[in-house]
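The block underneath contains the structure these notes are about, expressed in structure tokens.
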Amino acid sequence: MITDPQFSEDIQDIKKSFSGWDFSFVTGTGRMQEGLLTWSYGSMARRLVRQANALLDMGTGGGELLSMLRPFPKKIWATEGYEPNVSIAKKRLEPLGVRVITFEEDAHLPVENRQFDFK
């Protein structure tokens, strides 16, 4: 029998559902730490997105970050493998011209070879 109350709480936490990239239920427990970085992923990504002719965002979650990186190139796709996030991503991204693709394995994406810019 488990007698550690913190362990029991942690086990209950894993049963909570989440959507997109909202991990606030974890950060509130103190098990995950956040802090300011010396660089900005968004700034770096936005510059590359603007230079791209075609773009693929793998594991987009609910599309929260990708949706903020506009303007997009004419050809843009996003993949998501976690089923609860797929409908969230489609609702957020498809009106912006992003084709959202459900996938099960990174090695077998349902897209043609050599159509994306790599940076």
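Kindly evaluate R47 against the criterion of being surrounded by 14 or more Cβ atoms within 10 Å (Cβ to Cβ) and of a type in the set (D, E, K, R). When the stated conditions are applied, R47 does not pass them. Do we have any residue at all in region 69-91 that's in contact with a Lys or Arg (Cβ under 8 Å, 6 or more places away or on another chain) and in a loop (DSSP other than H, G, I, E, B)? Yes: region 69-91 contains one or more residues that are in contact with a Lys or Arg (Cβ under 8 Å, 6 or more places away or on another chain) and in a loop (DSSP other than H, G, I, E, B).
Scanning region 82-97 for residues that are of a type outside the set (K, R) and under 14 Å from the mean Cα position of the chain (by Cα) yields Y82, E83, P84, N85, V86, S87, I88, A89, L93.
Can you report the number of residues in region 57-99 which are surrounded by fewer than 21 Cβ atoms within 10 Å (Cβ to Cβ), among the charged types (D, E, K, R) and under 17 Å from E112 (Cα atoms)? Residues that pass the stated criteria total 3.
Checking each residue in region 40-78 for being without any contact (Cβ under 8 Å) to a residue 40 or more places away in the chain and among the basic types (K, R) picks out R46, R47, R50, R70, K74. For region 90-107, a residue qualifies if it is in contact with a Gly (Cβ under 6 Å, 6 or more places away or on another chain) and within 10 Å of G59 (Cα to Cα), and exactly one does: F103.
No value in this document is a laboratory result; all are computed from the given coordinates. These figures come from a predicted structure and were not determined experimentally. Here the Cβ is made from the backbone with ideal geometry for all residues, glycine too, and neighbour counts use every protein chain on show.
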